[in-house]
Amino acid sequence: MDATRHPIVIDTAGGEYMESVMVVDWARKPGDPVKMGETIVTVETAKAATEIAAPHDGYLAQILHAAGSEVPVGSILGYVSDRPGMAASSTAGEVAQPQASAAFTRDIPAPRRARAIASPLARRLAAETGIDLAQVKGSGPNGRIKKRDIDKASAILPKPAVLADALPIVFLHGFAADRNIWRWVIPLLRVRNRVITPDLPGHGSALTTPARSIGDLAAAIAATLEAEGISDAHVVGHSLGGATALALAGIGALRIHSLCLLAPAGLGPDINGDFLGGIVGAQTPESLTPWLDMMVGDPCVLPAGFAQAVLWQRRQENSAAVQSRLAAGIFANGRQHEDFSRNLKALRIPAKVLWGRDDRIIPMAHAFTAPGTTAIHLLEKTGHVPHLEYPDIVACLIDELVLSTGR
Amino acid sequence: MAMMRYAEALNAALREEMQADASVFLFGEDIGRYGGVFKVTKGLMEEFGELRVRDTPISEQAMTAMAVTAAMTGTRPVLEIMYADFVPLSLDALINQASIYEYIWNGQVRMPFVLRTQGGGGAGAGAQHSKSLDSMLAHVPGIKVVAPVTPADAKGMLKSAIRDSQPVVFLEHKLLYNTRGEVPEDADFTVPLGKAATRREGRDVSIFATSRMVLEALKAADALEKDGISAEVIDLRSLRPLDVESIATSIARTNHAVVVNEGWNFCGYAAELSATIMDRCFDDLDAPVARVTLPDMPVPYSEPLEMAVLPDAGKIRDAVLRVVK
Amino acid sequence: MKNAPSIEEHVEMYRKMIVVRRLEEGLGRLHKEGKTRGPIHRCDGQEAVGVAATAVLRDGDKLTSTHRGHAHYIGKGLDVYPVIAEIFGRATGSCAGRAGHMLIADAEKGLIGGNAIVGAGIPAATGMALSMQVLGRKDVAMCIFGDGAAQTGICHEAMNMAALWKLPVVFVLEHNQFGLTVPSSVQSPVADLSIRAAGYNMPAEIVDGNDAVAVYRAVANMVDRARQGLGPGLIEAKTYRWEGFSTSDMGGYQTPEDIAAWKARDPIRISYDALKNEVGAAALDEIEREAGAEVAAAFAKALSDPFPAFAVPSAYAAYSGAL
């Protein structure tokens, strides 16, 4: 667990993840040694095949998207580890498989072929039910995946296409981020519920929407969802977005069916005021990088060029002034002035709080204010942004919450 | 209904159609005085005279060509070619004549003739009298090819073939002539060409068979039931036009297909069926299509040798077990 | 003289021979200009056989032809215009452009039809005669075939059955001396192929194939027999193919002396000379002029006609797998 994970990503630059790519072939299998710069995985867009180089010397530790998967640009495809013998994070192994079955073990080595061997029928059924063939073990001749294998798999896994009334999942990002921060988690979800990723007021596309308090943020989100005709949803919130989610629960306009809070604000008074100022005020990659490093447990998980991408986008949007004012209103003097733990206690829905043990922005201890009905997941070697640091674990836990409601 | 042998059902069809339509006439080797080597035309010369039931010299090439043009000019000839193995002699008339005229002459002519022949092995007739050349015939556009397996179909489809406005090759099987079954006696009874028949319903695999192989497929289905496999047996009694809809409907239910034809494997009728299934049913297939056919070699004479090459219920069962694995 | 054509019938044969000759010459010109498609088999010099043999027939009688059938087509009553349109693949052709020049048919006129499988026309006519016999009709079928076709096995099968069953069919052997490039002497041990008729107990007659009147009389005798139910007969009409096998023929195997000798016996000239005294040169020249104008007009019209549009022949179940 001491080894460091270096993410393998496609195009980490900012922007919308409109385009998707097909993972064609992994040139290595988990456990194989890799050299920085050598081709580790080939992906294909509608236009061409692109070879993705290993980000670091080490060993291929984990494949998140096997050959044959279609993933958005910007996804983390897998990780390179510094050390051998770490085919996958043990955390992922223990936590990530709430309904584990042999057929769905993520850590099976990806076969070195462009596509899974599956009967045409199995292929069609898998596409209809949203099952990733790469995750299914075939029982036919030559390991061919047959209908019975898909039937078995879909008996275990959600069949979102079958859930006629699957609810949308609303993702609320944190301070100084935007909707794109969810790009690593969303492709890893097994549930196929619709996802809604609004920008909080003062951020991204909602930069000019005025807000002075967390209540304002929640009201704006409630209005956005209402305009979309959404009355019921699952909600995932990170940090400021977590507090917004709790405030949203208090308003009562949206019926929340499950709640997943990632290092949320609003459960206690402490917050790293220096970080808030630093992250908004930095103008160069050199000045931003230390603050970004503070945000995570291990700086290596930040994709190369992340700081430049953040700055580039910030300049496009001219968001620094707006966000400084927002921070001054909500987190004046490095304190949280609004407490929503009462809202969490009042909820009678499946809820989880996730926190990195190495969070240096909001202390993990705030998690313990959660009521006994709320599951608390404390992630090792994780800082303030578990959805960026361990997107696979976060996706699994969201899956588990959504599945537990059956919607 | 009457219990009849397959040969008697054919005889009844010929008699009824000749009684109903004076333009129907028969010609072929040994069909008149002798009544046909398989006795299909027994008694017809006595009833209809030598003008309409004609013994011929051994001249398959010209006889087939003559059937084509006799049909163009007002009659409905029914030509018997004694063995399917002799049909290669008829191929110019079928391929270069019958198949083209309706199209290239822009609908000016119709060719309502029937070429009856019988093929297949199992009778110790050797390499020149045991073949099934279904694919060679069904390959040709513009002619229909049918192969009834039950006595009722033998009668009903022969009547339809005689009434059809296009050339029809009517494939019989030497081991079917003495099989028995209930046959409607109604002179209006016909079985339409172009429709397959489900002989047994099943859930797990569809066996598509032609001619006598339908009987072997039914035996295989019985055996498979003991294996816990529910096999559907579809009789492809119309080889061309092919009832693709029935094939697709069955595969949509069973997701597995085995095709059985007594002809050669390479470029054979079973190959065409496999390709058609791939075209139409690809996304319903849970396994590759399996073929059960004659190996690509001559039919040997000695009984154990002949039995070794002919497709049968055991080989069909093996193929099914392979496919559903 | 028994079965001699009337003057009017002879004049009409003369006119048709000129139509055919102008057709062949026009096709030759257009081929040189690169405007024809596929091989074209001309019958220059042998028009009298096809025109005179078919002049004997009635509309209800049937005719099978060969790949070199232009004289047969015109003789059996087809207008030259749909024939030319068919040769140029136009929608207005006899078969809407589907058949081409070797396979033209006109069922109403009894031409069914051209056939480019050498020998296939022989059982085809025999089958039609079989049908006529079964139905008790008083029609006859005629097969015009070449000395090449006479060597096929199916010729034997068909003639044997025709004679055996006394079918109303007349075999007209248009002996033009060549099977493609190979002279008849290299293909057959006998010069007069009609002696084979004896093997079928069938009457036969050899005639000058460049003399329309001789062909007409000989064929008419055989047609009469056939119509009376006396069975088939064979006419061997000796003639000569002036042009090559087809427009793709490189030539070189026909001697200039032979060609010159046969051209001196041009069937059109022979009829002209025979008719000159009865009809007058001026009238014959006028007929020639009119026939030439008719063919020229037919070429002009056909060449400006539209091409057919392709349609999948879905109406025919047996063609249903075509596309």
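So here's what we get for this one:
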{"item": "Residues that are within 14 Å of chain C (Cβ to nearest Cβ) and in a loop (DSSP other than H, G, I, E, B), drawn from region B:34-59", "result": "B:GLY49, B:GLU50, B:LEU51, B:ARG52, B:THR56, B:PRO57, B:ILE58, B:SER59"}
{"item": "Failed condition for B:LEU91, given (1) part of a loop (DSSP other than H, G, I, E, B); (2) surrounded by fewer than 24 Cβ atoms within 10 Å (Cβ to Cβ); (3) more than 7 Å from chain C (Cβ to nearest Cβ); (4) over 16 Å from the mean Cα position of the chain (by Cα)", "result": "(1)"}
{"item": "Helices (runs of 4 or more DSSP H) (entirely within region B:119-231) containing at least 3 residues that are more than 14 Å from every other protein chain (Cβ to nearest Cβ) and either within 16 Å of the chain's Cα centre (by Cα) or among the acidic types (Asp, Glu) (or both)", "result": "B:151-163, B:213-226"}
{"item": "Filter result (within 22 Å of C:LYS263 (Cβ to Cβ), of a type in the set (Gly, Ala, Ser) and outside any loop (DSSP other than H, G, I, E, B)) within region C:168-210", "result": "C:GLY179, C:SER184, C:SER185"}
{"item": "Selection from region B:65-85 of residues that are surrounded by fewer than 21 Cβ atoms within 10 Å (Cβ to Cβ) and either within 7 Å of chain C (Cβ to nearest Cβ) or free of Cβ contacts under 8 Å to residues at least 12 places away in the same chain (or both)", "result": "B:GLY74"}
{"item": "Inter-residue pairs, beta-carbon under 7 Å, first within 10 Å of B:VAL53 (Cβ to Cβ) and without any contact (Cβ under 8 Å) to a residue 24 or more places away in the chain and in region B:24-37, second among the polar types (S, T, N, Q) and buried (at least 23 other Cβ atoms within 10 Å of the Cβ), 6+ apart", "result": "B:GLY35/B:THR41"}
{"item": "Every residue from region B:94-107 that is facing another protein chain (nearest Cβ under 8 Å), surrounded by 21 or more Cβ atoms within 10 Å (Cβ to Cβ) and in contact with a Phe, Trp or Tyr (Cβ under 9 Å, 6 or more places away or on another chain)", "result": "B:GLU102"}
{"item": "Residue match in region C:40-58 (condition: charged (D, E, K, R), in contact with a Lys or Arg (Cβ under 7 Å, 6 or more places away or on another chain) and within 14 Å of another protein chain (Cβ to nearest Cβ))", "result": "no"}
{"item": "Sole residue being outside any strand (DSSP E or B), among the β-branched types (Val, Ile, Thr) and closer than 11 Å to A:ALA263 by Cα, chosen from A:THR373, A:THR382", "result": "A:THR382"}
{"item": "Qualifying residue in region B:257-277 (condition: more than 22 Å from B:VAL168 (Cα to Cα), surrounded by fewer than 22 Cβ atoms within 10 Å (Cβ to Cβ) and touching a helix residue (DSSP H, G or I) at 6+ places or on another chain (Cβ under 6 Å))", "result": "no"}
{"item": "Number of positions in region C:88-117 that are over 20 Å from C:GLU24 (Cβ atoms) and either touching a Cys at 6+ places or on another chain (Cβ under 6 Å) or more than 7 Å from chain B (Cβ to nearest Cβ) (or both)", "result": "6"}
{"item": "Some residue of region C:24-36 being under 26 Å from C:ALA300 (Cα atoms) and in contact with a strand residue (DSSP E or B) (Cβ under 8 Å, 6 or more places away or on another chain)", "result": "no"}
{"item": "A:PRO285 being surrounded by fewer than 19 Cβ atoms within 10 Å (Cβ to Cβ) and under 15 Å from A:ARG360 (Cα atoms)", "result": "no"}
{"item": "Test: residue in region C:220-238 that is farther than 20 Å from C:GLY199 by Cα, in contact with a His (Cβ under 8 Å, 6 or more places away or on another chain) and at pLDDT below 95", "result": "no"}
{"item": "Condition check for A:ALA233: crowded, with 22+ Cβ neighbours inside 10 Å, assigned by TED's automatic domain parsing to the domain that holds A:ALA304, more than 30 Å from A:PRO299 (Cβ to Cβ) and touching a residue at least 40 places away in the same chain (Cβ under 8 Å)", "result": "yes"}
{"item": "Considering residues of region A:193-221 that are among the aliphatic types (A, V, I, L, M) and part of a helix (DSSP H, G or I) only, the residue surrounded by the most Cβ atoms within 10 Å (Cβ to Cβ)", "result": "A:ILE221"}
{"item": "Search result, residues across region C:250-278 that are in a helix (DSSP H, G or I) and either crowded, with 18+ Cβ neighbours inside 10 Å or of a type in the set (Asp, Glu) (or both)", "result": "C:GLU257, C:ASP258, C:TRP262, C:PRO267, C:ILE268, C:ILE270, C:SER271, C:TYR272, C:ASP273, C:LEU275, C:GLU278"}
{"item": "Criterion (more than 25 Å from A:LEU248 (Cβ to Cβ) and under 19 Å from the mean Cα position of the chain (by Cα)) met by exactly one of A:ASP392, A:ASP399, A:ASP359", "result": "A:ASP392"}
{"item": "Condition met for C:ASN176 (of a type in the set (S, T, N, Q) and within 14 Å of chain B (Cβ to nearest Cβ))", "result": "no"}
{"item": "Yes/no for B:ALA62 being within 14 Å of chain C (Cβ to nearest Cβ), in a helix (DSSP H, G or I) and not β-branched (Val, Ile, Thr)", "result": "yes"}
{"item": "Subset of region A:130-154 that is among the small types (Gly, Ala, Ser) and in a loop (DSSP other than H, G, I, E, B) - its residue that is surrounded by the fewest Cβ atoms within 10 Å (Cβ to Cβ)", "result": "A:SER139"}
{"item": "Selection within region C:118-141 - at the interface with chain B (Cβ under 8 Å from one of its Cβ atoms), hydrophobic (A, V, I, L, M, F, W, C) and surrounded by fewer than 24 Cβ atoms within 10 Å (Cβ to Cβ)", "result": "C:VAL134, C:LEU135"}
{"item": "Which listed residue is among the small types (Gly, Ala, Ser), surrounded by 16 or more Cβ atoms within 10 Å (Cβ to Cβ) and under 20 Å from C:ILE122 (Cα atoms), from C:GLY199, C:GLY209", "result": "C:GLY209"}
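The values are calculated or read from the model by the stated rules, or taken from the named source; none is laboratory data. Model, not experiment: these values are computed from the prediction. Positions of Cβ are backbone-derived with ideal geometry, glycine not excepted, and every protein chain shown enters the neighbour counts.
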